[in-house]
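The values are calculated or read from the model by the stated rules, or taken from the named source; none is laboratory data. As the structure is a prediction and not an experimental result, all values here were calculated from the model. A quick note on method: Cβ atoms are made from the backbone with ideal geometry, for glycine too, and the neighbour counts reach across all protein chains shown.
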Amino acid sequence: MINKSIFSLVALLSCLLFPQISFASIDVYEFEDESLRADFVTLTKELRCPKCQNQDIADSNAPIASDMRKEVHRLLGEGKDKESIVNYMIDRFGEFVTYKPKKSLETFMLWYGPLILIFIGVLIIVSLLKMNKKKSYKQEGSSEEVRKILDKYANDK
Amino acid sequence: MYKWIPLVIAIGLALVLYTAIGKDPTKLETARLNDPVPDFQLSTLQNVDRLITQEDLKGQVILMNVWATWCPSCRAEHGYLVELAKNGVPIVGLNYKDERPAALGWLERLGNPYTVNIFDPEGKLGFDLGVYGAPETYLIDKKGYVRFRHVGVVDAPTWTQVLEPLYKKLSK
């Protein structure tokens, strides 16, 4: 009896504490064929919710994300391809809305910045290594000079 | 020469980070900026039989305010909109994903600042405009082009510092 009431208390508390778990997107969509369903899944994961940023529209409960899912479903049903659906969303919500921004002058650094940084890093490492080599060579040379001088003075004795 | 590399990198990084300071990441670009208001045909809030289209928005510079009774921030800005309307600023309402009786009741209780209200229960025009959260306020020029969008509450500072200068410029 006590166990049971403790159990139900825990259950109640966990419902109160974690209410969001039970509210995943529950709208159901039907598709004429499975390839459309696959497109729907990829698109809703590639499109970003404008309201709750950092969630894709498949994951988000925001009303706008639900509207966007509806539109994706409708457009797929009309036979639109994936690219034109993404463009349709970009026309309305801006480049922000896709997790795969177009390669343009504006997004150049986004796509190629990391490569450029790696390249600069390699350049720096290589030149530092070269510099070290030169230095150690010079030191050898100078110690030889020192020895010569020492020898010279040693003979003077 | 090589000793300057860390300094150059630090300055570069500082510049990049500096440009991001003060930017609100929840504010998105306005995809419809400098585009005409999307085509639509919807009834007005007050009259089911009266249809309104993008053509009806042309002729003068207007504010288009996206609002709904379920939106707490819309309640917050409503008083200021009423004041603006009294000062002669034409405000078209876009009643977004709302219910007719609730919206009409709201206008009766709180005053009606709108010259006309577009009733968009499904959020269709809202979606085409790229509305992602009410309230939003658009500045639309005489030819029906979107010239500015403000996301969030319109209050006295927003109006005098941001919207009014643009409004006056467009009205010339």
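Residues that are closer than 15 Å to B:E77 by Cβ and within 14 Å of chain A (Cβ to nearest Cβ): which strands (runs of 3 or more DSSP E) entirely in segment B:107-156 hold 2 or more of them?
Strands (runs of 3 or more DSSP E) meeting the threshold: B:136-140, B:146-151.
Could you check, for segment A:119-140, whether at least one of its residues is touching a Lys or Arg at 6+ places or on another chain (Cβ under 7 Å) and away from chain B (no Cβ under 14 Å)?
The answer is no; no qualifying residue exists.
Report every pair of residues separated by at least 6 positions or lying on different chains whose Cβ atoms are under 7 Å apart, first residue within segment B:57-84 and closer than 16 Å to B:E164 by Cβ, second of a type in the set (D, E, K, R) and in a loop (DSSP other than H, G, I, E, B).
Sorted first by the residue in segment B:57-84, then by its partner, the pairs are B:Q60/B:K142; B:V61/B:D141; B:V61/B:K142; B:E77/B:D155; B:Y80/B:D155.
Okay, residues lined up against (1) assigned to a loop (DSSP other than H, G, I, E, B); (2) at pLDDT 95 or above; (3) closer than 18 Å to A:K45 by Cα:
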{"residue": "A:I64", "(1), (2), (3)": "no, no, yes"}
{"residue": "A:L75", "(1), (2), (3)": "no, yes, yes"}
{"residue": "A:K103", "(1), (2), (3)": "yes, no, no"}
{"residue": "A:M109", "(1), (2), (3)": "no, no, no"}
{"residue": "A:Y112", "(1), (2), (3)": "no, no, no"}
{"residue": "A:I118", "(1), (2), (3)": "no, yes, no"}
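Considering only residues of segment B:149-172 that are closer than 24 Å to A:E95 by Cβ and of a type outside the set (V, I, T), which is surrounded by the fewest Cβ atoms within 10 Å (Cβ to Cβ)?
Among those that are closer than 24 Å to A:E95 by Cβ and of a type outside the set (V, I, T), it is B:L166.
Just one of the numbered conditions (1) farther than 23 Å from B:L125 by Cα; (2) of a type outside the set (S, T, Y); (3) modelled with pLDDT of 95 or more is not true of A:I85; which one?
(1)
Name the pairs whose Cβ atoms lie under 8 Å apart, with the first residue in segment B:143-172 and under 24 Å from B:P72 (Cβ atoms), the second surrounded by 16 or more Cβ atoms within 10 Å (Cβ to Cβ) and of a type in the set (D, E, K, R), and 6 or more positions between them or separate chains?
B:R149/B:R32; B:R149/B:E136; B:H150/B:E136; B:V151/B:E136; B:G152/B:E136; B:V153/B:E77; B:V154/B:E77; B:D155/B:E77
Given the criterion among the hydrophobic types (A, V, I, L, M, F, W, C), more than 26 Å from A:I90 (Cα to Cα) and at pLDDT 95 or above, identify the matching residue among B:V66, B:V146, B:V116.
B:V116
Looking only at segment A:26-41, which residues are at pLDDT below 90 and surrounded by 15 or more Cβ atoms within 10 Å (Cβ to Cβ)?
Passing the criteria: only A:Y29.
Residue under question is A:R69, and the condition is that it be within 29 Å of B:G152 (Cβ to Cβ) and either within 10 Å of chain B (Cβ to nearest Cβ) or small (G, A, S) (or both); does it hold?
Considered against the rule, which asks whether it is within 29 Å of B:G152 (Cβ to Cβ) and either within 10 Å of chain B (Cβ to nearest Cβ) or small (G, A, S) (or both), A:R69 comes out as no.
Would you say B:Q60 is away from every other protein chain (no Cβ under 13 Å) and closer than 18 Å to B:F127 by Cα?
Values: away from every other protein chain (no Cβ under 13 Å): yes; closer than 18 Å to B:F127 by Cα: no.
Considered against the rule, which asks whether it is away from every other protein chain (no Cβ under 13 Å) and closer than 18 Å to B:F127 by Cα, B:Q60 comes out as no.
Any idea which of A:T44, A:T98 is away from chain B (no Cβ under 14 Å) and surrounded by 14 or more Cβ atoms within 10 Å (Cβ to Cβ)?
Answer to the check: A:T44.
Which pairs have Cβ atoms under 8 Å, sit 6 or more apart or on different chains, and link a residue in segment B:15-28 that is within 14 Å of chain A (Cβ to nearest Cβ) to one that is in a helix (DSSP H, G or I)?
Partner pairs satisfying both residue conditions: B:L28/A:F93; B:L28/A:F96.
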